[in-house]
Structure formats: structure tokens, C-alpha cells
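As C-alpha cells, the structure follows; a few thoughts come after it.
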Amino acid sequence: MLISENVPLAPLTTLKIGGPARYFVEAQTIAEVSQAVEFARSRSLPLFVLGGGSNLVISDAGWPGLVLKIGITGINHRHGHDEVVFEAGAGEDWDKFVGLVVAHNCAGLECLSGIPGSVAGTPVQNVGAYGQEVANRIESVLALDLRDGQIHELCNQACGFSYRTSIFNTTERGRYIILQVNYVLKHGGDAYIAYADLKKYFAGWSEKPTLANVRDAVRKIRAGKGMLITAGDDDCRSAGSFFKNPILSADQYQALSARAAAKNLQIPSYPALDAQKKVSAAWLVEHSGFSRGYGNGPVGISRKHALAIVNRGNATAADVLALKEAIQQRVEEIWGIVLEPEPVFVGF
Ligand SMILES: Cc1cc2nc3c(=O)[nH]c(=O)nc-3n(C[C@H](O)[C@H](O)[C@H](O)COP(=O)(O)OP(=O)(O)OC[C@H]3O[C@@H](n4cnc5c(N)ncnc54)[C@H](O)[C@@H]3O)c2cc1C
């Protein structure tokens with residue numbers, strides 16, 4: 001196992017920003033993960049676990065300790081009655097994995113096609129898109145517990161999934177290194193077509209769209225929004241959606257709607273748990289003076305999606321932070337809502 005020094009991290013992220021790692025290693029096996037953990041522990045180095053780098057803002061100073069990239073690969077599957085359980089190595093490419101399960105005619109993840117990053121990244125923030133979330137498909141997560149040094153299999157409930165959260169990015173942040181994720185999928189199940197974009201795409205089709213049709217549609221729709229990593233498309237040099245859609249109580253939602261009505265506007269919203277409402281962060285950003293294509297400098301907003309902060313070439317992490325703060329401040333002034341960032345900030 002080769003431990004390198006002063007390794008630039010920017011190329012390992014989709015935003016292409018950030019300084020170097022003091023030490024860097026890629027672990028291909030569970031034994032190598034343990035060795036890397038021991039290396040960091042014996043030298044009292046802070047440890048950061050890297051996946052595909054698609055949900056990160058890395059500071060200009062970089063990371064002062066060890067960056068451990070998880071490169072564990074391998075996919076197995078076992079058949080149940082009408083279900084198939086796929087056991088995927090943490091370092092497998094997520095979109096390649098979705099392509100494989102769709103090719104096996106297994107339903108449940110097709111709407112999550114085209115999301116960049118690794119398999120391990122998906123339970124961390126309970127990845128979701130077009131009405132599907134991994135929380136509905138994860139059977140269990142195999143993880144190394146840095147507290148007791150043991151490998152545990154956490155069942156779905158133990159992962160504490162909610163909108164863009166799990167124990168891995170909230171209460172137990174930094175405790176587990178995810179080694180494998182097990183997904184339970186429905187063999188021969190129908191494709192999920194619930195969101196407006198997909199309904200519009202398939203309007204007029206006489207035959208029922210297959211899982212492969214939906215995967216293809218999702219990737220095309222995402223490409224149109226700069227949400228698919230595509231060579232030559234500057235609008236996808238981002239960390240995806242920069243802010244979470246705010247979840248509001250009935251009272252908060254009423255106050256926001258009143259502000260919108262005073263401007264003759266109506267805010268798009270979706271039902272959330274209980275009496276809550278999820279409102280569109282993209283709408284709030286756009287209606288606070290930050291429209292698509294905003295910014296002439298090194299950092300700006302994607303021309304295809306108001307929620308993506310993009311690196312136009314030579315942006316620094318400080319540039320990204322300044323724009324993030326400007327957006328948060330304006331949205332709060334105008335709408336009374338504090339937007340919460342979605343990416344993970346590393347080394348700040
Ligand atoms: C263009 C674009 C579109 C996107 N669209 C979506 C979308 O539609 N829906 C959505 O939910 N997200 C989306 N994202 C965000 C991102 O792709 C996902 O969150 C992805 O799952 C992150 O995985 P990753 O492997 O890149 O993780 P990284 O960015 O490398 O890491 C993210 C976090 O996970 C932790 N982590 C990574 N691997 C492990 C591990 N093995 N063990 C423990 N912790 C680990 C890291 O420490 C970090 O805290 C998008 C991003 C981009 C750039």
C-alpha cells in the first residue's frame with residue numbers, strides 16, 4: 001500500500017477545487033483500510049474518507065492529515081423470491097452499478113441514474129432524485145467502526161435515513177468507514193415514473209417504459225440541467241445541488257407563502273412528512289437575484305440550474321464560500337429562510 005505525500009485533491013473532486021492532502025492513500029481491500037487507519041492513528045493524523053469527491057468543497061489549504069480513498073470494488077448478487085440483493089463494494093462507481101442492476105431487470109434505483117460518486121456516498125446523504133431515495137432500497141451497510149475497530153453490519157433502520165441525512169453525516173459523522181452496501185431490488189418490477197420531468201418525457205408513449213428507458217431518460221434530463229458529468233460541459237464542474245430544499249412547518253410555510261403572495265408569486269412546494277412542506281431551494285435562489293448564469297468571475301451559478309455553484313476555471317474555495325454566503329444572506333433577507341448547504345466542507 002503506497003502512502004503518498006502532498007497529493008493535490010482538486011482533481012479528485014467534481015468541483016475541481018481545494019489544496020493538497022498531507023498524506024494520501026487508496027485502499028483496495030478491507031485489510032488496507034485497517035492499515036491506513038492505523039497509520040493515521042499512530043501519528044495522530046486527522047483522517048478524511050474520500051469517495052468519488054462529488055459532494056465536497058475542499059479548502060484551499062487542503063487536508064492536514066491522511067485522506068483515505070476507498071477503492072474497494074466487487075459486486076455480488078443473491079436471488080430471493082422476487083427480490084435480488086446486490087452487495088456492492090464501497091468504491092464501485094454508482095452510475096455503473098445502477099446500469100448493472102437495470103441490465104439485470106431489477107427495479108428501485110433507475111431514477112438515481114447519472115448521479116456521480118461512489119456506492120459508499122449513497123447512504124451517507126441518502127441520495128435521492130426523481131422520487132427515489134436509496135433509503136428505500138438499502139438492506140444493510142457494512143462498516144468499520146473506528147470506535148471499537150470492529151466491522152459491523154448496520155440494518156436499514158440503524159442508518160437513521162431521512163431527507164439527505166443518515167447517521168453517517170449527522171449523529172455518527174466520522175465514526176464509520178463504509179466498506180460495502182447491500183441493496184434489495186425488485187426483479188421485474190415496474191419503472192418509477194412519478195416526477196413531472198419524467199411524466200412529460202414519456203407523455204405520448206404507447207408502450208410502458210422499461211427500466212432501461214427510464215434510466216436513459218433520467219440521464220438525458222440530467223444532462224440538460226448540467227447534473228450529469230459530461231466532458232466539455234462547464235456547467236457540471238460543481239458539487240451538484242449546493243443547497244437542500246428547506247422543509248418547513250405549516251406556520252413557516254404560511255409565512256413564506258404570504259411573502260410570495262405580496263410579490264404576486266407562488267412558491268413551488270411538495271408534501272413532506274406529517275404537516276411539513278418541502279419548498280424549492282432553486283426557486284428561492286432564483287427569486288433572490290441569483291439567476292442561472294449569474295456571475296462573471298471564476299465562480300458563478302450554472303447556466304442550466306440555479307442550485308449549482310460552478311467553478312468556471314480558476315475558482316478557489318474562498319470564492320465558493322463568498323458566493324454561498326451572499327446567496328444565504330439574500331435568501332434570508334427576502335424570504336426569511338436559512339438555506340442549508342448540501343455538500344461537505346473539508347479542511348475549513
Ligand atoms: C453533477 C452532480 C449531480 C448530483 N446530483 C445528485 C442528486 O441528484 N441527488 C443527490 O442526492 N446527490 C447528488 N449529487 C451529490 C453527490 O453526487 C452524492 O452525494 C454522492 O453520493 C456522493 O458520493 P461520493 O462518493 O462522491 O462522496 P464524496 O463526495 O467523496 O464524500 C461525501 C461524504 O461521504 C463521505 N464518504 C465517502 N465515502 C465514504 C466511506 N466509504 N465511508 C464513510 N464515509 C464516506 C465523505 O467523507 C464525505 O463526508 C450530485 C453531485 C454532482 C456533482
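The values are calculated or read from the model by the stated rules, or taken from the named source; none is laboratory data. In this text, all values refer to a predicted model and were calculated from it rather than measured experimentally. Heads up: the accessible areas ignore ligands, DNA and RNA and are worked out on the full protein's heavy atoms, side chains in. Shrake-Rupley method; radii C 1.70, N 1.55, O 1.52, S 1.80 Å.
Rolling a 1.4 Å probe over the heavy atoms of the protein chains gives the chain an accessible area of 46 Å² per residue. Among the lysines, which have Cα under 20 Å from the Cα of Lys220 when same-chain residues fewer than 8 positions away are ignored? Within reach: Lys96, Lys199, Lys200, Lys208, Lys304. Along its three principal directions, the equivalent ellipsoid of the chain from the Cα gyration tensor extends over semi-axes of 31, 28, 19 Å, largest first. The overall shape of the stretch 73-144 is rounded: from the C-alpha gyration tensor, with semi-axes ordered a ≥ b ≥ c, the ratio a/c is less than 1.5. A probe of 1.4 angstrom, applied to the heavy atoms of all protein chains, finds Ile30 with accessible area near 70 square angstrom. The portion of the accessible surface of the chain made up by carbon and sulfur, rounded to a whole percent, is 50 (1.4 Å probe; DNA, RNA and ligands excluded).
Tyr201 contributes about 80 Å² of solvent-accessible surface, heavy atoms of the protein only, 1.4 Å probe.
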